[in-house]
1. So what's segment 3-48 giving for Cα Rg divided by 2.2 N^0.38 Å, two decimals?
2. Relative contact order (percent) for the chain, with alpha-carbon contacts under 8 angstrom and 6 or more residues of separation?
3. How much area per residue is accessible in the chain when the probe is 1.4 Å and only protein heavy atoms are counted (Å²)?
4. How big is the chain by the Kirkwood estimate over distinct Cα pairs, in Å?
5. In the chain, carbon and sulfur make up what percent of the accessible area (probe 1.4 Å)?
6. Taking 0.36 nm per residue of sequence separation and subtracting the Cα-Cα distance, how much length would be gained by fully extending the chain between V127 and V84, in nm to one decimal?
7. At each listed q (0.12, 0.19, 0.20, 0.29 Å⁻¹), what is the log10 of I(q)/I(0) that the Debye formula gives for segment 49-116 modelled as equal alpha-carbon point scatterers?
8. Where does each of 88-95, 24-31 land if you order them by average Cβ count within 10 Å, highest first?
Amino acid sequence: MWQDFRTFIAQGNVMGLAIGIIIGGAFGTVVSTLVNNVVMPPIGLLIGRVDFSSLFINLSSHPYPSYAAAEAAGAPVIAYGLFVNSLVDFFIVALVIFFAIRWLSKLQKHKSPTTSSCPYCLSTIPVKATRCPQCTSTLAPASPPSQSSKA
């Protein structure tokens, strides 16, 4: 059982997933900083110098001048400004991931194929093969060999 577990962990998919999670966490931190310190201040300025992270609804009977004061007092509040920041954060992350996946898929489309199908038995064979390893049929070369003429 231990050997099966080690084999499972050593597989590329599990390692790739672990690396993806670590990089995703770091990427999330960078995007959160971008949203909170670069994107949200100009938006708040445009709509009247509003700091979204300080927007809240006080659920207690005692008034508080700011979200920080209410939080320090332990008052029940609905911090919808933090939620707005999280939504903007999410949409920016989703947008960046969308463009990254789109860019990667364009890169993969431009790769030349490495395999083709045998016209006789339809098995998968390397593009450069001259004979099918399954049915041993002789295959036409993918492109004619270049012949250099000597003068």
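The values are calculated or read from the model by the stated rules, or taken from the named source; none is laboratory data. Since the structure is predicted, the reported quantities are computational estimates derived from the model, not experimental observations. We place every Cβ from the backbone using ideal geometry, glycine too, and count neighbours over all the protein chains shown. Surface areas here come from the heavy atoms of the whole protein model, side chains and all, with no ligands, DNA or RNA. Shrake-Rupley method; radii C 1.70, N 1.55, O 1.52, S 1.80 Å.
1. Ratio of Cα Rg to 2.2 N^0.38 Å: 2.00.
2. Relative contact order comes out at 13 percent.
3. For the chain, the per-residue accessible area is 79 Å².
4. Values: mean 1/r = 0.0450 Å⁻¹.
Kirkwood radius, the chain: 22.2 Å.
5. 66 percent
6. Fully extending the segment from V127 to V84 adds 10.2 nm.
7. One equal scatterer on each Cα of segment 49-116 leads to -0.52, -0.79, -0.83, -1.16.
8. Values: 88-95: 14.6, 24-31: 12.8.
Output ranking for 88-95, 24-31: 88-95, 24-31.
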